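Q: Let me give you the structure first, and then I'll get to my questions.
The values are calculated or read from the model by the stated rules, or taken from the named source; none is laboratory data. This is a predicted model, so every value here is computed, not measured. So basically every Cβ, Gly included, is an ideal-geometry build from the backbone, and we count neighbours across all protein chains shown. Keep in mind that these areas ignore ligands, DNA and RNA; they rest on the heavy atoms of the full protein, side chains included. Shrake-Rupley method; radii C 1.70, N 1.55, O 1.52, S 1.80 Å.
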Amino acid sequence: MLKQLFIYKGWRVRPFYQHIKAVTFFMMLLPFLFFLGLYVYFHYQEIMVKPFLYSGIFIAILLFFIIMVEIINRYLYHKTIFFGRLDNLRVLSNYLYQHNYFFSKKNGDKKTVKFPKVYVKRDKYGLDATFILQGNKFQDKFLNIAKDLETMFDGDFIAKAFIKGFVSYQIAFGRIDGRLHIKDVRMTDKGVRLMDNIYWNFDENPHLLVSGGTGGGKTVFLMSLIKALAEVGHVDICDPKKSDFTGLKDIPVFQSRVFFEKKDMIRCLKDNVEFMDKRYEAMANHPDFSPGKRYSAYNMKPKFLVFDEWAAFMATLDNDYKSYSLVQEYLTQIILKGRQAGLFVVLGLQRPDGEYVKTALRDNFMKRITMGHLEDTGYNMMYGEANRNKEFKKVDTINGKKARGRGYIANFGEIAQEFFSPFVPFDEGFSFIELFQSLPVIPFEGEEFSVFGMPEAGMSKTDVFAEGQDDVSSELKLLKDYAVETGFDIKVLRKIIDILRGLGHEFEKVDNSLCLTPEQEIILKGVVSEFEKGQPSYAKAVEVYFEGENP
């Protein structure tokens, strides 16, 4: 009961805290001045005999004390929590005064200043700054003060909470101290441990979106993450730039599951969709089946699809509408249906534009990480409206060294936190190749893995994909049958087909009747869906379907 009535909010900010550094300085200097005064008092006669000599000595001693106390004072404010709290009170007191967030009263020529109820609670990890609301005249400003707090305390705003008439902001300090060594990145009960007290629980927050420009540390982070994922499940890797990940293709733990050719990567997406469907079937036929249970309830291993440089891959499909629509459909199915079946996507790209990842689909990536520095639009696309007042800092150096692997992390819809990717000691000869080669191979268990079987002798993966495409193209359906099956207006479908023909799509005819391939059925369904979402015309719906919504 008492805890509900009295919630400790910390020390209240008062106007006199603006001068607290000077106060503590003179308090520490006072004992030295006292003993120096005693010496003068008891040796007054001697001093008066040689006043100039003793004056010089006293001035030198006094300067020494002043310099020593100043050093001690600064050290305590920098290194200790108690004095750090006093400094936080000083900064916030100065902020309130400088921005006129106070009540003033005049008694004759004397002006009295009183601050509204503002509190600071501090520990070694950060502080909570709490501001009164309750209809006071500063209420609107206190509701939007997060960015100023980050700047004034040189910290990272990570949470905002409302406490019975007050709003409290949590600011974190020294996030780099929570950085892990690569060997400590592993699966725990809370999820994949990425930093001290920061985890990715892919069961609760499925699918990870990683964004970062050249030199930001995205590739090294993905390598570190793959290390942890490969220890608990199966990992497919797609690298359209044929650069950093292609060297992993012959490592046993990946079971030849590294892809870098366009058709092979499309085939990988298709195989994972089939894997997912087969796993759902296996779960439904399990003796212990119960609706709502996830893959882990049936002792099934998770599976991960790590796709780096997604934008570069999509750029290769610009003039290949058939493959483009298939890829969008495969990715959509995995993102929307993969969680319960234990299939998770890690998507890496430089900027999450709607041109490459549709906005509606992007919203289903529940974990977000940015590496390096992005422009404001990039942060807006990654972290959304919840971080509108977040101050995303550009930090080039930390403690005099280049800041490598620094960025931000958040669950979608939550406040982003400063993030540091695991430390990898390359200067000590560390090799990811050697690390991956030392990992044990997890065997495929379950009929659903049969979709990843190797091609027949003499056939490449590309040949298999081409053969599959021919099979798909031969499965034609009459347009009128498709209209009946879906309930779509056949006149509307013909209008869309005319637009698609103008863009270079070819539609076959059988006995003078329009027919559709399976991929064309997918395209028509997607365009109709976009139109029903509110697009002004069928032409615009086609454009949005193929190019993505504007971010």
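Q: Provide the net charge surrounding PHE304, with neighbours chosen by a C-beta distance below 11 Å and charges set as Lys +1, Arg +1, Asp -1, Glu -1.
A: Here the charged neighbours net out to +2.
Q: Could you list the trypsin sites (Lys or Arg not before Pro) in region 159-207 that lie in coil according to DSSP, counting only those with at most 10 other Cβ atoms within 10 Å of their Cβ?
A: Those satisfying the criteria are LYS164.
Q: Continuing with this model, one more query. For helix 51-79, report the angle its Cα long axis makes with the longest principal axis of the Cα atoms of the chain; keep it between 0 and 90° and round to the nearest 10°.
A: The angle comes out at about 30 degrees.
Q: Here is a further query. Relative contact order for the chain using alpha-carbon pairs under 8 Å, separation at least 6, rounded to a whole percent?
A: Result for the chain is 14 percent.
Q: Continuing with the same structure: In Å², and per residue, what accessible area does region 322-361 have when probed at 1.4 Å with the other protein chains present?
A: So region 322-361 comes to 28 Å² accessible per residue, rounded to a whole number.
Q: Give, in nm to one decimal, the length gained when the segment between TRP11 and ASP177 is fully stretched (0.36 nm per residue of separation minus the Cα-Cα distance).
A: Result: 57.2 nm gained on full extension.
Q: Between ILE409, TYR41, PHE423, whose Cα lies farthest towards the positive end of the dipole of the chain when Lys and Arg beta carbons carry +1 and Asp and Glu beta carbons carry -1, centred on the Cα centre?
A: It is TYR41.
Q: Tell me, in nm to one decimal, what length is gained between ASP250 and LYS114 on full extension, where the rule is 0.36 nm per residue of separation less the Cα-Cα distance?
A: So the chain would gain 41.9 nm between ASP250 and LYS114.
Q: Nearest 10 degrees is fine. How inclined is helix 20-42 to the longest principal axis of the chain, computing both from alpha carbons?
A: For helix 20-42, the angle is close to 30 degrees.
Q: A further question on this structure: Lys/Arg Cβ at +1, Asp/Glu Cβ at -1, dipole of the chain taken about the Cα centre: which of PHE25, LEU53, SER211 is farthest positive-ward?
A: LEU53
Q: Using a Förster distance of 45 angstrom, determine the FRET efficiency expected from the C-beta separation of PHE289 and LEU476, and round it to 0.05.
A: With R0 = 45 Å, the Cβ-Cβ based efficiency is 0.80.
Q: Ignoring any ligand, DNA or RNA, what whole percent of the accessible area of the chain comes from carbon and sulfur when the probe is 1.4 angstrom?
A: Carbon-and-sulfur percentage of accessible area, whole number: 53.
Q: Taking only DSSP H segments of four or more residues, each worth -39500 (n - 2.57), what value at 222 nm results for the chain once the sum is divided by all its residues, to the nearest 500 deg cm²/dmol?
A: -13000 deg cm²/dmol
Q: Right, next: How much net charge surrounds VAL528 when only other residues with a Cβ under 12 Å from its Cβ are counted (Lys, Arg +1; Asp, Glu -1)?
A: -1
Q: Next question. Treating only the Cβ atoms of Lys and Arg (+1) and Asp and Glu (-1) as charged, compute the dipole magnitude of region 105-262 about its Cα centre; round to the nearest 20 debye.
A: Approximately 1080 debye in magnitude.
Q: Hey, another quick one. All other residues with a Cβ under 11 Å from the Cβ of SER168 taken together, and with Lys, Arg as +1 and Asp, Glu as -1, what is their net charge?
A: Net charge around SER168: +3.
Q: Moving to a separate point now. Across the chain, where is the longest run that never hits chymotrypsin sites (Phe, Trp or Tyr not before Pro) in a DSSP loop with at most 10 other C-beta atoms within 10 Å?
A: It works out to 9-551.
Q: Structure shown: which of LYS79/LYS367; LYS358/LYS540; LYS227/LYS262 lie over 23 Å apart, alpha-carbon to alpha-carbon?
A: Beyond 23 Å between Cα atoms: LYS79/LYS367; LYS227/LYS262.
Q: So, one more: Hey, if you put +1 on the Cβ of every Lys and Arg and -1 on every Asp and Glu Cβ in region 254-403, which of ALA386, PRO291, GLN255 ends up farthest toward the positive end of that dipole?
A: PRO291
Q: Dipole size in debye (nearest 20) for the chain around its Cα centre, Lys and Arg Cβ +1, Asp and Glu Cβ -1?
A: The calculation lands at about 4140 debye.
Q: Per residue, how large is the accessible surface of region 86-188? Use a 1.4 angstrom probe and give square angstrom.
A: Value for region 86-188: 53 Å² per residue.
Q: Would you mind checking the tilt of helix 81-98 against the longest principal axis of the Cα atoms of the chain, expressed as 0 to 90 degrees and rounded to 10?
A: 90
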